[in-house]
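Just so it is clear, none of the values below were taken in a lab; they were calculated from the coordinates. Computed from a predicted structure; not experimentally measured. We place every Cβ from the backbone using ideal geometry, glycine too, and count neighbours over all the protein chains shown.
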Amino acid sequence: MPQTQTAALMDGTALARRIVERSAAVAAAIAQQTGKAPCLATVLVGDDPASVTYVRMKRARCEKAGIRSRHLALPPTTTTAELVDAITALSQDPDVHGILLQHPVGPHIDERAAFEAIAPHKDVDGVTMHSFAAMSFGLPGFVSCTPGGILRLLDEYAVDLAGKRAVVVGRSAILGKPVGMLLLARNATVTYCHSRTTDLASIVGEADVLVAAVGRPRFISGDDIKPGAVVIDAGYNPGNIGDTDFDAAKTRASLITPVPGGVGPMTIAVLLAQTVDAASRQLGLTTLNIH
Ligand code: NAP
């Protein structure tokens, strides 16, 4: 009978809890020293149920960590110009330290223009071109939250990336592209795969570190995974199913993120961490920098 290896799980729930606890402690210190708690502004256009739930969840987590949230709910008829004006006002408001525009905003709005109205020093969700460029050049700035969470998980489990072959399946602006840039900055040799990639299975089979960011349940077959690989499954599909075939993948990988409880909890944790970091910098308390 073939031997069945079982990968160790990368526990995102536990790591996220520690990051949130640390952020809460920093938020409390900021409030104590300045009389002002950090404040995250959330902006939601329309009433898409999933977006409403995501924003409510993010605000609740903020409040629990001692971060104030200010919510701007805009009607679905909001124009690009109105949204840009609203975000510009938040960018200029000294009482707001971080801004999150919930994606998607609706097809009639120029989402890129809206993101670009976020001042870079308040871009705690890491969505502006400034943040992406800073990340790509290895300069200080806020990272896109899910990719930032993935790197923190890799660090937590002491995964040495230098010289490793990393394969990222997916190239979205919020996930695939930035996670590849962060892996490159750590000296991994990075390959991006996407919907036009040919012979995906053989490229996946070369990955020492595989990031699945496709949005298709069990899209990556366990048989394609290189024995001993580190598998980061960022996918989150209905029924709590990831983008890899977890049961098969865990018999080949050395480390793997479960779904749920892997990458998922890290996203909000990084958002909170970056919000308190933004507040500490804006309030002149750089010694509180949590990084
Ligand atoms: P997305 O914007 O839909 O991007 C999907 C990517 O997958 C695209 O780059 C697409 O390629 C690629 N793709 C589609 N079909 C493919 C195929 N047959 N072969 C190879 N690549 C293919 O999705 P996303 O926002 O990046 O999200 C991806 C997944 O991550 C989803 O399950 C989402 O729920 C999850 N996610 C989780 C978190 C979290 O907090 N845990 C955060 C964000 C996203 P093209 O560019 O060529 O179209």
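Show the residues, 5+ positions off or on another chain, whose built amide H is closer than 5 Å to the amide H of Leu74.
Amide H to amide H, under 5 Å and 5 or more residues apart or across chains, Leu74 pairs with Leu44, Val45, Gly46.
Let me know the Kirkwood hydrodynamic radius for segment 35-120, please, with Cα pairs as the basis and the value in Å to one decimal.
13.1 Å
Going by amide H atoms built from the backbone, whose H comes under 5 Å of the H on Ile220, apart from near neighbours?
Close amide H contacts, sequence-distant or interchain: Thr244, Asp245.
Can you check what the net charge comes to around Ile150, using other residues whose Cβ is under 12 Å from the Cβ of Ile150 (Lys, Arg +1; Asp, Glu -1)?
Charge balance near Ile150 sits at -1.
Please work out the ratio of the alpha-carbon Rg of segment 135-192 to 2.2 N^0.38 Å and round it to two decimals.
Normalised Cα radius of gyration, segment 135-192: 1.02.
Modelling each spin label as a point 7 Å along the Cα-to-Cβ direction, I'd like the Ser51/Leu184 distance in nm, to one decimal.
About 3.0 nm, to one decimal.
Just the C-alpha atoms of segment 1-48: what Rg/Rh do they give, with Rh taken as the Kirkwood radius?
1.34
Label segment 68-202 by shape, choosing from rounded, prolate and oblate, from the square roots a ≥ b ≥ c of the eigenvalues of the Cα gyration tensor; if a/c is under 1.5 it is rounded, and otherwise prolate applies when a/b is larger than b/c, oblate when it is not. Don't skip to the end; give the middle numbers.
Working: a/c = 2.75, a/b = 1.71, b/c = 1.61.
Prolate, because a/c is 1.5 or more and a/b exceeds b/c.
According to the Kirkwood expression over distinct Cα-Cα pairs, how big is the hydrodynamic radius of the chain, in Å?
19.6 Å
Using unit Cβ charges (K, R positive; D, E negative) and no other charged atoms, how large, in debye to the nearest 20, is the dipole of segment 191-255 about its Cα centre?
Values: 6 positive and 9 negative charges, 23 e Å.
The calculation lands at about 120 debye.
Counting only DSSP beta bridges with both residues in segment 145-265, what percent are antiparallel, rounded to the nearest 5?
Numbers: 1 of 17 bridges.
Around 5 percent of the beta bridges assigned by DSSP in segment 145-265 are antiparallel ones.
Evaluate E = 1/(1 + (r/R0)^6) for Arg112 and Arg216, where r is the Cβ-Cβ distance and R0 equals 35 Å; express this FRET efficiency to the nearest 0.05.
0.85
Rounded to the nearest 500, what is the 222 nm mean residue ellipticity of the chain from helices alone, with -39500 (n - 2.57) per DSSP H run of 4+ residues and division by all residues?
-12500 deg cm²/dmol
Quick one: Cα centre-to-centre distance for segment 1-56 and segment 148-180, in angstrom?
Segment 1-56 and segment 148-180 have Cα centres spaced 18 Å from each other.
Take the alpha carbon gyration tensor of segment 225-284, find the square roots of its eigenvalues, order them as a ≥ b ≥ c, and report rounded if a/c is under 1.5; if not, report prolate when a/b exceeds b/c, else oblate.
Judged from the Cα gyration tensor, segment 225-284 comes out prolate (a/c at least 1.5, a/b above b/c).
Taking the highest mean first, how do the peptides 193-201, 120-128, 216-224 order by number of other beta carbon atoms within 10 angstrom per residue?
Most protected by this proxy first, the peptides run 120-128, 216-224, 193-201.
Looking at the square roots a ≥ b ≥ c of the eigenvalues of the Cα gyration tensor of segment 145-265, which shape do they give, rounded for a/c under 1.5, prolate if a/b is larger than b/c, or oblate?
Judged from the Cα gyration tensor, segment 145-265 comes out rounded (a/c under 1.5).
Using DSSP, restrict attention to beta bridges with both residues in the chain and report what percent are antiparallel, rounded to the nearest 5.
Bridges in the chain are about 5 percent antiparallel.
Suppose every Lys and Arg Cβ carries +1 and every Asp and Glu Cβ carries -1, with no other charges. What dipole size does the chain come out with about its Cα centre, to the nearest 20 debye?
500 debye
What is the P(r) of segment 1-155, as percent of Cα-Cα pairs per 5 Å bin from 0?
2, 8, 15, 18, 20, 16, 10, 5, 2, 2, 1, 1, 0, 0
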